[in-house]
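Derivation of every value follows stated rules applied to the coordinates shown; laboratory data play no part. What you see is a predicted model; the values in this text were computed from it and never measured. We place every Cβ from the backbone using ideal geometry, glycine too, and count neighbours over all the protein chains shown.
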Amino acid sequence: MYKLLLSWRYLKTRFIALASIVSVTLGVATLIVVNSVMAGFVDQMKNRLHGILSDVEISTQMFSEIPHPERHVEIIKQTLGDQIQEATCVVRTPALLSFDVRGRQWTQQIMLLGIDDETFGKVTDFEPYLTNEIKRKSFSFDLEEDGYDQEKFKGDAGWKYRRTRIEIQRRIEANSREYDSLYDNAANAFYAAEPSRVETVSHESENIQEEQGGRFAPLPATLPDIPPVGKSPEEGIADQPTPLATADDQAESQTSVDGTIHRISPFDPHAKFRPEIKSEDLFDPMKDHRTGIILGLAISERKVELPSGELQDAYLIRPGDDANIMLTTIGDSPQPVIENCTVVDFYSSNMHEYDSSFAFLPLSELQQLRGMIDPMTGQGSVSTIQIKLKEGADLDAVRDQLIAQFPPNYFPDYDIRTWQDTQRPLLSAVKMELTILNILLFLIIAVAGFGILATFYMIVVEKTKDIGILKALGAPSRGVMSIFLGYGMSLGTVGTGVGIVIGLLFVKYINEIADAVAVLTGQEVFDPTIYYFSEIPTVVNPVTIFWVAVGAIAIAVLASVLPALRAAKLHPVEALRYE
Amino acid sequence: MSDVAPSQPLRIDPESKGDNMPASELNSNKGLSKKKSNSAPLRIVDTSVMSVNGLFKSYGKGAVQVPVLKGVDLEIEEGGFTAIIGQSGSGKSTLLHLLGTLDAPDSGEIYFRDQRIDNLPPRQQEYLRNREFGLIFQFYHLLPELTTLENVLIPRMVQDGFFRYLKNKRSYRKRAIELLEMVGLSHRLTHKPSQLSGGEMQRTAIARSLISDPSILLADEPTGNLDSENGAEVMETLTALRKHENLTVVMVTHDDQLASQADRVINLVNGVVAS
C-alpha cells in the first residue's frame, strides 16, 4: 500500500522526473508515427504492386516470344486446377512514343503492353485505374464522347475535344493557305506590273518552276486549287492523321456529283488507274480515330507549382490527341515499325514507376505490328502470361508447380515468378528501412532510459532519509525497491501512454499536419509528384503499438532497477543519519 | 547531533559541533528547568522486557576503528520510563539503534521478551520494528510527501498487504485520528510536514510510533531539535501517552533535566554504563 502511495506521491510532486520521460513519450510517439506511415506505405504499395503485377507470371525476354499461348494457358489451367481464377496473355515491348506538343516534337521511351481487353482486367487491377469512368465500367479501346475526369481535363478530352482541336487546326491551315494565295496574288500582280523585273527573275526561276509546278509562273489572278508545296493530295487526304486539307479543299477536290472522289492529282500519271474511294471510307479525324492507346498518366501530366503556391496540372497530350509509337518487330532481323495511335484514356495507378512508362494497346494490334502472328495458323505469340489465383492460394507453391511444369532445362527462356519475387528488391528495401528506423528509435528510448536512470538515482539520493525512515518502520528492502520500480513503471506507463496518444493523433491528422507545416515553413513536406501517393498513407497496427508500449515501459523499469537496488541496499541507520 | 559523532570521528571537533548544534537546543535546557517536574508515580515492575549483555560496537573500517560501545549490560523494565544519558559521542544513540534492531552489534546479545533479537533474520527484525517497537527520532523523520494522517498510517501500510490494508483501513484511520487527537493535532490531519512546526512534527512522529500498538517506545532525543516550549509540550504529550497507553519508554537524551523525569536513568560514559 505504502509503495503505491509513495510512488504516486513521488510521481505527483517530482515534475523533473516527468521531464525525464518526455523523451520516452517522444520516442514512443515517433515510433508509432514512423511505423504507421511505413506500414501504410508498404500496404498501399503492396496493394498497387499486386494489383498491377498479377499473382504469378510466366514471361520471356521482351524481344522473344512464347508461342501458342492458348496451349500454354490450357496446360497452366490443368496444372493448377482449382487454384487458378484467370489467365491472360500480354505482349510487352519497349517502344518510343512521340507526339506534338504545341508544334514541338516530344519523344520518350515507354513500355508498351498489348493486352487482351477481355481477360486482362480480370487478372490485374487495370480498369479501376483508368481515368475515364465509362471505361472503368466497360472497357474498350475506343475514344469516348464523355466520362473523362472533369476536374483533371476541364472538358478538354474525348471526342468533343478532338473535333474542336481538328476544327481549329483546319481553320489555321485555311488561314495560312489564304495568306499564301493572297501573297501569291500580290506577287503575281507585282510582277505583272513590272515585266522587266519578271524577266530577270523568271530566268532564274525557270528550274524552280519546273520542280514546283509553275508556282511563280505568271498566272491568272485567281489561283486554282494547287496543294501546298511538297505535299501530294493523297497524303493530305488519306494518310495524314491530322488532315492538312480543309473541308473546303476536300470539297474542291471532289469533282463529282455522285459522291465518289476522283483522286485528282496533276502530278499522278496513274491517277486514272487507281480505284475510286467512297467518301465514307475515308479516314475523317472528326469521326474516326486511330488505334486506341492508353497512356500512363504521368507520361502526359505535369504538376506545375504556380508562384502563388497552388498546383496546376498541365498535359503534354490529352485523350483525343494522336501520337506515334515506334517499335521493332521481333525475329532475327528486327525492323522498325511506326504506328499512329489515338490516346483514348490515361492509366493512373499512382505508382509513378508505372504511370510514367506504361502504355496499353490492344493485344492483336501489337501482335500484328510486331509480326508475332504466325502467317500459317494465324495464331499470335505473346511475351508474358499473367495468372490470377483464387483467394488463399499459396503463391510460392503455385510458382513451384509451374516451374515443375515448365522445367528450366527445357524452358530456360521462361521466367516464372510471383509478384513478390518481382518486387522483392523494393519490398525488402522498405522492410530493412523500417527495421533500421525501429532500432534507431528504440535507441532513442534507450537514451531516454539513461535519463530516467540518472533522474531516479538523484531521487534515491534525495530520498535516502525517507528510505531510512521506511526501513526503520519495518519496511523490507524488497518493499523499498518496489517503490522505485513502481515509480519507474508508472513514469514509463505515463510517458508511453501520452506517447501513444500523441502518436495516434499525429497519425490520424498526419496529412493536415503536413499541410500545416507546409504552410508554416513554405516547404512542402509530402510532395505527391515524388511519392507514389497523393496523400500520406497510414496503417495503425495494434500489435506494433503493444510491443512499442511494452518495450518503452520495460526500458523505464530497467532504468529504475539500479536506483531501486541502491535504495534497497541502504542501511537504515546510515540513511537516517543522512542530512 | 550526538548520534552523528560515533560513525564519523572527524566531526567530533568542537567547531563542527558548534555548527550543527542549533541555538534552540541550548536554550531548551533552560526553558525546561523552569518547568516543574512532571514525573509519573513510580510503578514497581520486576519483569524486564529487554536485556542487553556485553554489547560491543565500533564504527569505521580497517585500521581506523572507533569503538563506541565497550561492553554494555542493562535491563529495561516493563512499563518503565528509562532514560539513557551521556555526552555526545558516548554511544547512547548507537545503543538505542541496536535496541531497535536498526543496526547489528559487533558482539554481545540483545534479548526482547527472552528472545535474542540481534541476530534474527531481517524479516523478523522488520516485524519487530514494525509491531513491537515505536521509534521516535530527534529530527522527526516524517515523509515530506505525505500528510500528517498518512504519515501516522505508514507503519500500518508497511505491515499490511494492499488488500488487507484496504480491509482494515477504517479501523486504522480511526485509531490514527484518535492518536492525533491525543497529541493535539486533530486539526492538522491533511497538512504536509512542511506546514507543521517542529513540535507538531514531533508529536506526529509520536502518534506514528504508537499506531501499531508497540510494546516499547524507543525515543532518540525527541526534544533535541526543539525549543524549550515545544520540547516541553512534546515531553508532556509523551508522558501523558505513556500513562494512557501503559508504555515502556526508553529515551536517549543528553539533558539531565529531562532524564530526571524518568523512573530510571542509565548514564553512558565512553561506551560503558557508568552508574
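At-a-glance table
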{"item": "Charge tally in the Cβ shell below 12 Å around B:L196, where Lys, Arg are +1 and Asp, Glu are -1, B:L196 excluded", "result": "+2"}
{"item": "Shielding by partners - mean other protein chain Cβ count within 10 Å, residues of B:153-163", "result": "5"}
{"item": "Given charges at beta-carbon only (K, R positive; D, E negative), |dipole| of segment B:136-275 in Debye", "result": "920 debye"}
{"item": "Evaluated at q = 0.25, 0.34 Å⁻¹: base-10 log I(q)/I(0), Debye formula over Cα of segment B:126-166", "result": "-1.00, -1.16"}
{"item": "A:V382, A:V550 arranged by Cβ crowding within 10 Å, fewest neighbours leading", "result": "A:V550, A:V382"}
{"item": "Of the DSSP H helices in chain A, those whose Cα atoms cover at least 18 Å axially and whose Kyte score averages 1.6 or more", "result": "A:424-462, A:542-569"}
{"item": "Approximate shape of chain A as ellipsoid semi-axes (Cα gyration tensor, √5λ), whole Å, largest first", "result": "76, 32, 17"}
{"item": "Set A:K569/B:K167; A:K135/A:K431; B:K92/B:K174; B:K92/B:K243 screened for pairs whose C-alpha atoms are more than 29 Å apart", "result": "A:K569/B:K167; A:K135/A:K431; B:K92/B:K174"}
{"item": "Dipole of chain A, positive end: most advanced residue of A:W547, A:A516, A:L361 [Cβ charges, Cα centre]", "result": "A:W547"}
{"item": "Estimated translational D of segment A:327-430 in µm²/s (Stokes, Kirkwood radius over Cα pairs; 10 °C; 1.306 mPa s)", "result": "92 µm²/s"}
{"item": "Alpha carbon convex hull of segment A:286-378, projected area averaged over orientations, nm²", "result": "8.8 nm²"}
{"item": "B:K70 paired with A:L96, simple spin-label distance in nm, labels 7 Å along Cα-to-beta-carbon", "result": "11.3 nm"}
{"item": "Residues in segment A:374-393 that a label on A:E118 would reach, taking backbone N under 16 Å of a point 7 Å out along Cα→Cβ", "result": "A:379-380"}
{"item": "Value of Rg/Rh across segment B:129-275 [Cα atoms, Kirkwood radius]", "result": "0.99"}
{"item": "Whole-percent pair-distance distribution, where bins are 10 Å wide, for the alpha carbons of segment A:430-523", "result": "13, 26, 27, 17, 11, 5, 0"}
{"item": "Stretchable slack from A:T79 to A:A554, in nm (0.36 nm times residue separation minus alpha-carbon distance)", "result": "165.8 nm"}
{"item": "Relative exposure of A:T124, A:T418, judged by other C-beta atoms within 10 Å (fewest first)", "result": "A:T418, A:T124"}
{"item": "For B:R164, A:R14, order by how many other beta-carbon atoms lie within 10 Å, fewest first", "result": "B:R164, A:R14"}
{"item": "Dipole moment magnitude, nearest 20 debye, chain A about Cα centre, only Lys, Arg, Asp, Glu C-beta charged", "result": "5080 debye"}
{"item": "Per residue convex hull volume, Cα atoms of segment A:385-429, in Å³", "result": "94 Å³"}
